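What follows is one structure encoded as structure tokens, with my remarks underneath.
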Amino acid sequence: MKYAASRSTWLLLAAMVVLATTLRYVVFAIATQQLDPAALVGQLCRWDCGWYRNVAEGYQQGLPSNRTGTADWAFFPLYPMIAGTLSRVSGLSWPLAGYLASNICGLVAAGIARPLFDSNRHAYWLFSFGLLLGPFSLLFSLAYSESLFILLTLAGMVALRRSSFVSAGVVGAMLSATRVTGVLFGLAIAVQALADRLVVDRSWRSVASVLTDTRLLLALGMAPLGLIAYAVFLRFWMGDGLAFMHVQIGWNREFDNPLVQLWNGAQEGFPFHLRWTEQTSFVWAALGGFVLIAVLVAKKRYAEAVFCLAALCISLSAGLASTLRFVAGLAPLGVVLAEVLASRRWLTYVAYPVGLALGLLGFAGWITGNHVMV
Amino acid sequence: MSARSFALVVLMALGEAGLLAFAASADVSPQYRAYYIDRTTGCLPRQVSGEYVLGTRLLLAEDQPQRAFDNIGICGFAHSEPGGAWLRGPEARLRFALGPASVADLVFEMEARGAIDRTLKRQQASVSVNGTVVGMFDYPDGEFRTQMLTIPARMLESGGLVDIDLTMIDTRPADTLKGKSDSRRFSLFVKSVRLAPLQ
């Protein structure tokens, strides 16, 4: 395959993973005055990590025993299945198995992303550096599903670039078993197919011919299979196939117009008030996401743009909480950001140290209890 | 596309639609349906120990230890926030396990402020103890007030359980109180609860 990652590329990526682990350990030791690596991994397992562990041990049946009705049905099964299997096979604790699984996802994600950048090596290395050591590299140390989601999204993007729709459909099925927004990859497949046809022939007949392409229809049918399988499982397991959606009330997540949610959040802080709150970070992360989606459109990468736009809007419709993490988990935005930054040499040189500093800062924030990436 | 391929695609689509329809048809308990699906109540009953040291004032604010309140809160209370927790929906329940030796008259206190707006100027809660209505808590404005009721010893069960049900006369939409999307309905913002021997 043209521009596939070479052996030396994989080695360099592995070195980045080792460097990231070492730097995180140093930050942890300085921030907490502890030297035990097991304590570091334990400290990383916060908030949703416990929910994923519950899923790995088996979904809850019956009514929740906590005060507000939160339950593990909200968490899709593929990531905890993988990390849980790793834990059982290796005998590693859940946090350590999650840490390992997410780091492997990060390494593989960076490796398989190589063809997306064609001859633009500067952008590729900036992207890989950002992924493994940059502002959101924390996601590849947490027992959270974002690491797998990013890996699968990149795999799907590679399949779409090659117009390999059946492969993209298989990846879509896995994405929809990882996070609810994964089901939207079906949209990306449809848009890419349409765009491919329009490049060849701009007539209506060409558009209509998409609907008679068996491989494409098969791919579109496969994309939601992960979600459907999970919904059917929940229906048998505890009686409500849409429990993953209904249980959001336990976290006070309310579905509304995403723009209304954004507007309500924006009014709480800067620039409406001279204060920077968690909500303000979420609002600006969402706005940054929309800007990068616009860049994708400008670059005529419609499939990726539609996927990111739909995923961001669905996430925002349920409230602003975790928006920073959700935006960071949209791989096409990371790819296009790296391309933009790599288009100016000076920006590239600034991006490396700034990205690394933000990555370590984000990590330090996480282990000391900051909520912004939760 | 051949007829065979077309038939396969149609079969797949129908199969998926059928599975989704099956998944969406919930077969759940009435409590589950009311709380998660219809959202007509904020009371999702759960098993609690009722463990409680008589006379202790339990503060519901988020910066306070939550375990003590979690031991007695059966349902109806939202997440703790700065200063307290909202009583969510029209019903809330508490359980105090005092032990079989409890024979004295008791006083139940609740410090709260009413969820009021332009259309509802006061909040009232009917208070039942072990299934019998004992009185009404009245929060006539938006200010914090401590309301109390006497619970005669004869109302206590032999096992020393005191189950207190609060039934609200009315609730207000949370979004008008908080100024953001929120379909829940609130009635009282509770700062503290206390059960103590009558002095």
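Points to keep in mind about this one:
- FRET efficiency, 1/(1 + (r/R0)^6) with R0 41 Å, evaluated for A:Q61 and A:Q34 via beta carbons: 0.65
- Distance between the 7 Å Cα→Cβ label points at A:L274 and A:N54: 4.3 nm.
- For the pair the range A:214-268 and the range A:39-89, the centres of their Cα atoms are 18 angstrom apart.
- Rounded to the nearest 10 square angstrom, B:T119 shows an accessible area of 110 square angstrom against a 1.4 Å probe.
- The charge dipole of the range B:43-197, taken about the Cα centre with unit charges on the Cβ atoms of Lys, Arg (+1) and Asp, Glu (-1), comes to about 260 debye, rounded to the nearest 20.
- Solvent exposure ordering (accessible area, 1.4 Å, most first) of A:Y349, A:Y99, A:Y302: A:Y349, A:Y302, A:Y99
- In the assembled protein chains, A:M238 presents an accessible area of approximately 30 Å² (probe radius 1.4 Å).
- Of B:A115, B:A174, B:A92, the one that fluctuates the most in a GNM where chain B has Cα springs shorter than 10 Å: B:A174
- Given a 1.4 Å probe and the protein chains as shown, A:L234 ends up with an accessible area of around 0 Å².
- Exposure here means at most 15 other Cβ atoms within 10 Å; with trypsin sites (Lys or Arg not before Pro) in a DSSP loop as sites, the longest stretch of chain A lacking them is A:3-161.
- Note on chain A: with charges restricted to the Cβ of Lys and Arg (+1) and Asp and Glu (-1), its dipole about the Cα centre is near 940 debye.
- With R₀ fixed at 22 Å, the C-beta to C-beta distance from B:L198 to B:S49 puts the FRET efficiency at about 0.35.
- Within chain B, longest stretch free of exposed trypsin sites (Lys or Arg not before Pro) [DSSP loop, at most 11 other beta carbons within 10 Å]: B:1-117
- When the alpha carbon gyration tensor of chain A is reduced to an equivalent ellipsoid, its three semi-axes come out at 30, 27, 22 angstrom, largest first.
- For the protein assembly as shown, the number of Lys pairs separated by eight or more positions or lying on different chains, with C-alpha atoms closer than 28 Å, is 7.
- Remark: accessible surface ordering of A:W346, A:W73 (largest first) is A:W346, A:W73, probe radius 1.4 Å.
- Full-extension gain in nm, A:L361 to A:M81, via 0.36 nm per residue minus C-alpha separation: 97.8 nm
- By the Cβ-Cβ criterion of under 4.7 Å, the unpaired cysteines of chain A are A:C105, A:C308, A:C313.
- Relative contact order (%) - criterion: Cα under 8 Å, at least six apart; region: chain A: 21 percent
- Spacing of the modelled spin labels on A:R162 and A:A14, each 7 Å from Cα toward Cβ, amounts to 2.3 nm.
- The fraction of accessible area contributed by carbon and sulfur in chain A is 68 percent, rounded to a whole number (1.4 Å probe; ligands and nucleic acids excluded).
- Normalised by the number of residues in chain B, the mean separation of alpha-carbon contacts (under 8 Å, six or more apart) gives a relative contact order of 24 percent.
- Residue order for B:E81, B:E51 - accessible surface, 1.4 angstrom probe, largest first: B:E51, B:E81
- Euclidean distance between Cα centres, the range A:325-374 to the range B:1-77, Å: 36 Å
The values are calculated or read from the model by the stated rules, or taken from the named source; none is laboratory data. This one's a predicted model, so the numbers in the text were calculated from it and none came from an experiment. For neighbour counting, all protein chains shown are included, and Cβ atoms are generated from backbone atoms with ideal geometry for every residue, glycine included. For accessibility, only protein heavy atoms count, side chains too; no ligands or nucleic acids. Shrake-Rupley method; radii C 1.70, N 1.55, O 1.52, S 1.80 Å.
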